[in-house]
Amino acid sequence: MTSINTNVGAMTAMSALRATDTRINTTSKQLETGFKVADSFDDASVFAVAQGIRSNFKAHVAVQSSLQQGLGLIDVSLAALNGLMQLSENLRATLIKASDGSLLATQRDIYKSDALALYEQIADIINQGSYNGRNQLLTSSTTVQFVADVAGRTVTVPTYSIEPAYANLGTGINAITDSTTATAAYGLIDPLTTTASASIAEFATTRRQITLQMSFNDSVMDAMKIGLGALVDSDISGNDALLASLAVQKQLTVSALSISNNRQATLVALYANPENS
């Protein structure tokens, strides 16, 4: 049935056009934002879940930052201790030479001066072993805890005071006057290197603990990114193809609407001019 009051064809075409425009707007938004769920208007429940994942992800980022600080503190401490060990070997060789009983006093004084220079360099290394205002090699230092995971567990960076053994060595070097006192000073190197070696071992153990925890956290964060992407990320290539298809569909719908409107106009014109019948 054809009616001049109700254009069913035009109404159908308009309904299809509105649906197409809605899909075009949705697809365009996904292309512009890169998300199929960009806000709560797209999908309230999925958006809420995604926001929870994002919040948890930020917590993991904060944990990684804390662990990185701990790693920095340990690496600086280890660098200082390794430098101390190298200088201790040079100092050991110098004090052996100073222990030679055949040396003249002036010759021994030369070795003593060399030993004092190495000793002072060790002092500089110990004092420079600071990171972010902390130095784990001093008597005044304390253990430091860094957050290891989002549950609040921590990793403790230890402290090792090198100062007592270092101070004793300095006293021994300053007391050198002959081969006996030089030999005594030489014997004070071992307590320093023993303490330093123990420090290196424990710092290295803690460093491994931190790096393993950071690696695990990275794996968790990667999994969260993948999960979050599956929830909210848009298929860019698919949406691009869909948008092109919808543009063609809209053109066809507009053409159908035009045909329906023309049919109605033709009918009105026919009855407005009876002589044409």
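Every read-out reported here was derived from the displayed coordinates using simple, explicitly stated rules and does not represent laboratory data. This structure is a prediction, so every number in the text was calculated from the model and none was measured. Cβ atoms come from the backbone with ideal geometry, glycine included; neighbour counts cover every protein chain shown.
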Considering the chain as a Gaussian network with a 10 Å cut-off on Cα pairs, which listed residue, Ala115, Ala123, Ala241, attains the greatest mean-square fluctuation? Ala241
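With each run of n ≥ 4 DSSP H residues scored as -39500 (n - 2.57), what mean residue ellipticity at 222 nm is computed for the chain after dividing by its residue count and rounding to the nearest 500 deg cm²/dmol?
On the way: 7 runs with 207 residues, N = 277.
When only DSSP H runs of four or more count, the value is -27000 deg cm²/dmol.
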Rounding to the nearest 10 and keeping the result within 0 to 90°, find how far the Cα-based axis of helix 236-272 lies from the longest principal axis of the chain. 20 degrees
Neighbour-count ranking [beta-carbon atoms within 10 angstrom, fewest first] of Ile53, Ile226: Ile226, Ile53
FRET efficiency, 1/(1 + (r/R0)^6) with R0 41 Å, evaluated for Ser55 and Ser161 via beta carbons: 0.45
Counting only backbone N atoms under 20 Å from a point 7 Å out along Cα-to-Cβ of Asn82, the residues of region 180-217 in range are 193-212
Expected max-MSF residue from Phe146, Phe35, Phe57 in the GNM of the chain (alpha carbon, under 10 Å) is Phe35
Reported to two decimal places, what Rg/Rh ratio describes the chain when computed on Cα atoms with Rh from the Kirkwood expression? 1.53
Explain nothing, just the number: dipole magnitude of region 45-232 about its Cα centre with +1 on each Lys and Arg Cβ and -1 on each Asp and Glu Cβ, in debye rounded to the nearest 20. 700 debye
Region 109-201: trypsin sites (Lys or Arg not before Pro) falling in loop per DSSP and having at most 12 other Cβ within 10 Å: Arg153
Among Thr159, Ala48, Ala198, the residue whose Cα sits farthest towards the positive end of the charge dipole of region 45-232 (+1 at Cβ of Lys and Arg, -1 at Cβ of Asp and Glu, taken about the Cα centre) is Ala48
